[in-house]
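Working notes, beginning with the structure itself.
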Amino acid sequence: MSEASPETGDVLSRGARGALALGVRQAVVQLLNMAGAIVLARVLTTAEFGVYGITVFVMSFLVVFGDAGLAAGLVREHAEPHERDYQAIFTFQQVLVFIVAAVGFTVAGPLFARAWPGAGIGHLVPALFAALVLASFQTTAAARLERHLEFDKLAVVEVMQALAFNGVAVACALGGVGADSMAAALVARAATGAVCVHAVTRRPIAWHWDWTRVRSRLHFGLSYQGAALVNLIRDGLVTVFVGAALGNAAVGRIFFGRMLAFYPFVIVYMMQRLLMPLFARLQASAKDLRRAVELSVFAVAALVVPVQTTVWALQEPVVRIVFGSQWLDSLPVYRWLWFAATLEPELVVAIALLNALGHADRTLRFVATTTAFLWLAGVPLLLLVGPTGYGIAATLMLAIKWRLVAEADATTDTRSLAIVVPVWISGLASAFVTALVARAWPPSSPLSLAVLLAACLATYSVFLYLAARDRTTTALRWLRAQLVLAMAGGAAPGAARSAAGSLD
């Protein structure tokens, strides 16, 4: 068994503690988000739920226009940035955000209102730019926590944000506020994040203009954020084109189908924030990096594939019992999007790896290609067959996704497909058994559905252990070692080396 260096062991140890904190935080946050989505799906009309989908899209806008990707550059740098670097990037970001917000208030808002006079979005556009200003006070402070893998502190911030958003949205919706409940929730989320992140970092806000420090990081930052911007344009196919051409009800059906298909990935999408700095710190050792990538591919797939396959097997009772029968007509969209999501575990790791190695231009090219394809194929399909056309177009992008995964595999000599095959075999086998049971004894209540879901996941665990015993036990042994270190509050060099070595 080879032994990792003390520094590598420490990074892996902190990465594991970060993964634990991120996992716990995501479990809490997604429970809150799911509870909020369930209540909103039952309270709001299909068109009003479309406004909820637009609001989620708007939250992505806040991330894209926050800092030109400069904070992400600070996260991936090998050497520790100087305090002046954080201050200079924060100052540049503030200038950028206030310009965008000022233009948005005076120009974009009125134009949007004239373009979609009956969209029913209320005060969502003004709330967007107010939230953008508030969120700008959070970005660099959060980047500092991410860089040092202090996701336990970041977890506190994001749980509070989820509480603020879902609490305000649900309270206002139940109070009959309508679309304006989303606007209020958006501002509440941004304000809560700005206050909480500075409370946990305990660093004073400081401005310092230094163009030299900013300019040296713009190449990576613009490529990194450019990918997010193009991705935003891709998502705009639903919120902009579908909303304008087919109406908010169509947006609601597509958003619901996408939520059901991609909800298992919310946790692993957030794990990119952990994986990128983790891979960046290990890039000096090809062996350690490859080992971390292989473990990440297996872990991500093992987490999300059983949820994907279980929901597929129980899609009709899940929608009917949990969300309401009014959403059953969204299942055709969901089914196509389910196939579109089959490469997401590998894709999540691939994007984090390429960004960590400084290849943000590759991810930008990938996102640009998928965006162009989705618009070129999606628009005619949407006009031809309605909301289901979006799912068909998304599924056709699988070939483009696999090409990026292959590029990432080549950088570390990894075979992602071979790693996830036993996971998919286990997931599909357990889903098949569950579907047979559900046909014989259809679930009719939340309790019977929960029992069936739990049984399916338990069956999957047994199948996975049988199909990939060595890899599963290795991952569990490593995780157990990191949990011991996390509970001890840290790792001595020898213990860190032992824990890292257990990956071999």
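The values are calculated or read from the model by the stated rules, or taken from the named source; none is laboratory data. Just so it is clear, the model here is predicted, and its values are computed rather than measured. Cβ: placed from backbone, ideal geometry, glycine included. Neighbour counts: every protein chain shown. With ligands, DNA and RNA removed, areas are computed over all heavy atoms of the protein, side chains included. Shrake-Rupley method; radii C 1.70, N 1.55, O 1.52, S 1.80 Å.
Just the residues that are under 18 Å from the mean Cα position of the chain (by Cα) and over 17 Å from Ala41 (Cβ atoms), please, taken from region 163-181.
The one that is under 18 Å from the mean Cα position of the chain (by Cα) and over 17 Å from Ala41 (Cβ atoms): Leu163.
Considering each residue of region 170-197, count those that are part of a helix (DSSP H, G or I), under 17 Å from Ala130 (Cα atoms) and not polar (S, T, N, Q), and give that number.
14
Given (1) open to solvent by 10 Å² or more (accessible area, probe 1.4 Å); (2) modelled with pLDDT of 90 or more, where does Leu364 come up short, assuming only one miss?
So Leu364 meets the others, but not (2).
With the structure loaded, tell me whether Arg291 is under 22 Å from Thr473 (Cα atoms) and either touching a residue at least 24 places away in the same chain (Cβ under 8 Å) or in a helix (DSSP H, G or I) (or both) or whether it fails that test.
yes
When you go through (1) surrounded by 15 or more Cβ atoms within 10 Å (Cβ to Cβ); (2) modelled with pLDDT under 80 one by one for Gln161, which number turns out not to apply?
Unmet for Gln161, out of (1) surrounded by 15 or more Cβ atoms within 10 Å (Cβ to Cβ); (2) modelled with pLDDT under 80: (2).
Name the residue that is surrounded by the most Cβ atoms within 10 Å (Cβ to Cβ), counting only residues in region 315-360 that are among the aliphatic types (A, V, I, L, M) and closer than 19 Å to Ala249 by Cα.
By that ranking, first place goes to Val333.
Given region 321-387, what helices (runs of 4 or more DSSP H) lie entirely inside it while holding 1 or more residues that are without any contact (Cβ under 8 Å) to a residue 24 or more places away in the chain, under 26 Å from Met276 (Cα atoms) and of a type outside the set (Gly, Ala, Ser)?
Result: 360-385.
For region 196-205, check the following and say yes or no: at least one residue is open to solvent by less than 30 Å² (accessible area, probe 1.4 Å), among the hydrophobic types (A, V, I, L, M, F, W, C) and either at pLDDT below 80 or closer than 21 Å to Leu40 by Cα (or both).
Checking region 196-205: not a single residue is open to solvent by less than 30 Å² (accessible area, probe 1.4 Å), among the hydrophobic types (A, V, I, L, M, F, W, C) and either at pLDDT below 80 or closer than 21 Å to Leu40 by Cα (or both).
Does region 418-433 contain at least one residue that is open to solvent by 70 Å² or more (accessible area, probe 1.4 Å), at pLDDT 85 or above and closer than 22 Å to Arg290 by Cβ?
Within region 418-433, not a single residue is open to solvent by 70 Å² or more (accessible area, probe 1.4 Å), at pLDDT 85 or above and closer than 22 Å to Arg290 by Cβ.
Among the numbered criteria (1) in a loop (DSSP other than H, G, I, E, B); (2) in contact with a helix residue (DSSP H, G or I) (Cβ under 7 Å, 6 or more places away or on another chain), which one does Ala284 miss?
Of the numbered conditions (1) in a loop (DSSP other than H, G, I, E, B); (2) in contact with a helix residue (DSSP H, G or I) (Cβ under 7 Å, 6 or more places away or on another chain), the odd one out for Ala284 is (2).
Condition (residue is surrounded by fewer than 18 Cβ atoms within 10 Å (Cβ to Cβ), at pLDDT 75 or above and over 22 Å from Arg189 (Cβ atoms)) applied to region 107-130: is it met by at least one residue?
no
Need pairs with beta-carbon distance below 9 Å; first residue modelled with pLDDT of 90 or more and within region 394-411, second surrounded by fewer than 16 Cβ atoms within 10 Å (Cβ to Cβ) and acidic (Asp, Glu); sequence gap 6+ or separate chains.
Correct list of pairs: empty, since none qualify.
Answer yes or no as to whether Ala302 is over 30 Å from Pro277 (Cβ atoms) and open to solvent by 10 Å² or more (accessible area, probe 1.4 Å).
Against the criterion (over 30 Å from Pro277 (Cβ atoms) and open to solvent by 10 Å² or more (accessible area, probe 1.4 Å)), Ala302 does not qualify.
Does at least one position in region 218-234 carry a residue that is open to solvent by 40 Å² or more (accessible area, probe 1.4 Å), under 24 Å from the mean Cα position of the chain (by Cα), charged (D, E, K, R) and at pLDDT below 75?
Checking region 218-234: at least one residue is open to solvent by 40 Å² or more (accessible area, probe 1.4 Å), under 24 Å from the mean Cα position of the chain (by Cα), charged (D, E, K, R) and at pLDDT below 75.
Do any residues in region 182-207 that are under 13 Å from Lys153 (Cα atoms) have Cβ atoms under 9 Å from those of residues that are modelled with pLDDT under 85 and among the basic types (Lys, Arg), where the two are at least six apart or on different chains, and which pairs are they?
Correct list of pairs: Val197/Lys153; Val200/Lys153; Thr201/Arg144; Thr201/Lys153.
Kindly indicate whether any position in region 45-54 is under 25 Å from Val168 (Cα atoms), modelled with pLDDT under 75 and part of a loop (DSSP other than H, G, I, E, B).
yes
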